[in-house]
Amino acid sequence: MNQLALTATVTEIKPLRYTPAGVPALEMQLEHESEVEQAGMPRRISLTVQAVALGDVALMLTDTPLGASLEIEGFIAPTRKGSSKLVVHIQQANRKYAGGGSAVV
């Protein structure tokens, strides 16, 4: 099973583009920090990942400001066939706003 759920901050967002098939695509960079338990010990996690949203999700995320917090669900795949680099494919996103509000996209 290939499922990912992550809360992250948007640190880079590229302009909306369209695939050769005409599907909207939005690429972004996300940063995540948390603490998890591993083997009974706390472990601090800090990572940066590349992410892409396609279709309606891409269109709804185009106005996401830098620094926005997203709760995303999706999967991980190679950037292209045969590549060892990975990218997170966002299938659902919940944008968190300052002050506690949120919007599902």
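Among the residues of the range 74-91, what is the count of those that are loosely packed, with under 14 Cβ neighbours inside 10 Å and of a type outside the set (Lys, Arg)?
We begin by selecting, within the range 74-91, every residue loosely packed, with under 14 Cβ neighbours inside 10 Å; these are 75-76, 78-86.
Imposing the further condition that a residue be of a type outside the set (Lys, Arg) reduces the set to 75-76, 78-79, 82-84, 86.
The qualifying residues number 8.
Contact list please: Cβ distance under 9 Å, first residue in the range 74-86 and under 16 Å from residue 53 (Cβ atoms) and at pLDDT 95 or above, second residue in a loop (DSSP other than H, G, I, E, B) and of a type in the set (Ser, Thr, Tyr), pairs at least six apart or on different chains.
These pairs meet every condition: 86/79.
If I ask for residues that are in contact (Cβ under 8 Å) with a residue 60 or more places away in the chain and either exposed (fewer than 11 other Cβ atoms within 10 Å of the Cβ) or not small (Gly, Ala, Ser) (or both), which ones from the range 55-73 would you list? Don't jump to the end; show me each part of the working.
Step one: of the range 55-73, the residues in contact (Cβ under 8 Å) with a residue 60 or more places away in the chain are 69-73.
70, 71, 72, 73, listed by residue number.
For the range 13-105, which fully contained strands (runs of 3 or more DSSP E) count at least 3 residues that are acidic (Asp, Glu) and more than 23 Å from residue 2 (Cα to Cα)?
Numbers: elements: 24-38, 41-54, 69-78, 86-96, 102-104.
Here the list is empty.
I need a count of the residues in the range 13-54 that are over 11 Å from the mean Cα position of the chain (by Cα) and either exposed (fewer than 10 other Cβ atoms within 10 Å of the Cβ) or not aliphatic (A, V, I, L, M) (or both). Walk me through how you get there before you give the answer.
Here is the first cut: in the range 13-54, the residues over 11 Å from the mean Cα position of the chain (by Cα) are 14-25, 33-47, 54.
Keeping just the survivors that are either exposed (fewer than 10 other Cβ atoms within 10 Å of the Cβ) or not aliphatic (A, V, I, L, M) (or both) gives 14-15, 17-22, 24, 33-44, 46.
Total meeting the criteria: 22.
The values are calculated or read from the model by the stated rules, or taken from the named source; none is laboratory data. Quick caveat, the model's predicted, so the values are computed rather than measured. Neighbour counts run over all protein chains shown; Cβ positions are idealised from the backbone, glycine included.
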